[in-house]
Amino acid sequence: MDVLRQGQWHGLFVPMWRLVVLYGLALAAFAFLLEWLDFKRSVQHWSFEFYVACIAVIFVLLGIWIGNRLTARPREAFARNEAAITSLGISAREVEVLEMLSAGHANKVIARRLDISPNTVKTHVARLYEKLEVASRTQAISRARELDILP
């Protein structure tokens, strides 16, 4: 009791932990032995079904692994490449037009939503083509995604 009051009680429990670990390992070894013996008996009685089940489990795990490897990972949070926008000389309005192009909107819809004329939209699109060095909308969107201007 005096040992507990003096704060030296830690040394009393070390032998007990060794004993608990020893008994735990012995119990695990015994359980493993029982499972192994049951496994041998089941292989003798149900060998065909057991092997079919094992092969099925292996193929399921293989399918999950391959599916995990081939599935595209979600992209990290998008951070717009402001350096590319600045170096290409793309204005904020042109970025808005580019975003609406990537959403698949027609020039008239873009004009209505941005409250500008369709001719202004055509001018912005033509300048975007020049700045991105492309010849079509799909090329412009693809190039903008490569440069991280669009998500």
What are the semi-axes of the equivalent ellipsoid of region 39-139, taken as the square roots of 5 times the eigenvalues of the Cα gyration tensor, listed largest first and rounded to whole Å? 59, 15, 11
How far apart, in nanometres, would the label points at ASP38 and ALA56 be if each is projected 7 angstrom from Cα along the Cα-to-Cβ direction? 2.0 nm
Hey, if you drop one equal point scatterer on each alpha-carbon of region 74-118 and run the Debye formula without solvent, what base-10 log of I(q)/I(0) do you get at q = 0.21, 0.27 Å⁻¹? -0.78, -0.96
Given charges at beta-carbon only (K, R positive; D, E negative), |dipole| of region 53-132 in Debye: 160 debye
Just going by the charge dipole of region 12-151, with Lys and Arg at +1 and Asp and Glu at -1 on Cβ, which of SER102, VAL134, PRO118 is farthest out on the positive end? PRO118
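Arrange the residues TYR51, TYR129 by how much accessible surface each exposes, largest first, with a 1.4 angstrom probe. Can you show the working numbers first?
Working: TYR51 120, TYR129 55 Å².
Correct descending sequence by accessible area is TYR51, TYR129.
The values are calculated or read from the model by the stated rules, or taken from the named source; none is laboratory data. Note that the coordinates shown come from a computational prediction; the quantities given were computed from them, not determined experimentally. Cβ: placed from backbone, ideal geometry, glycine included. Neighbour counts: every protein chain shown. Just the protein is used for accessible areas: all its heavy atoms, side chains included, with ligands, DNA and RNA removed. Shrake-Rupley method; radii C 1.70, N 1.55, O 1.52, S 1.80 Å.
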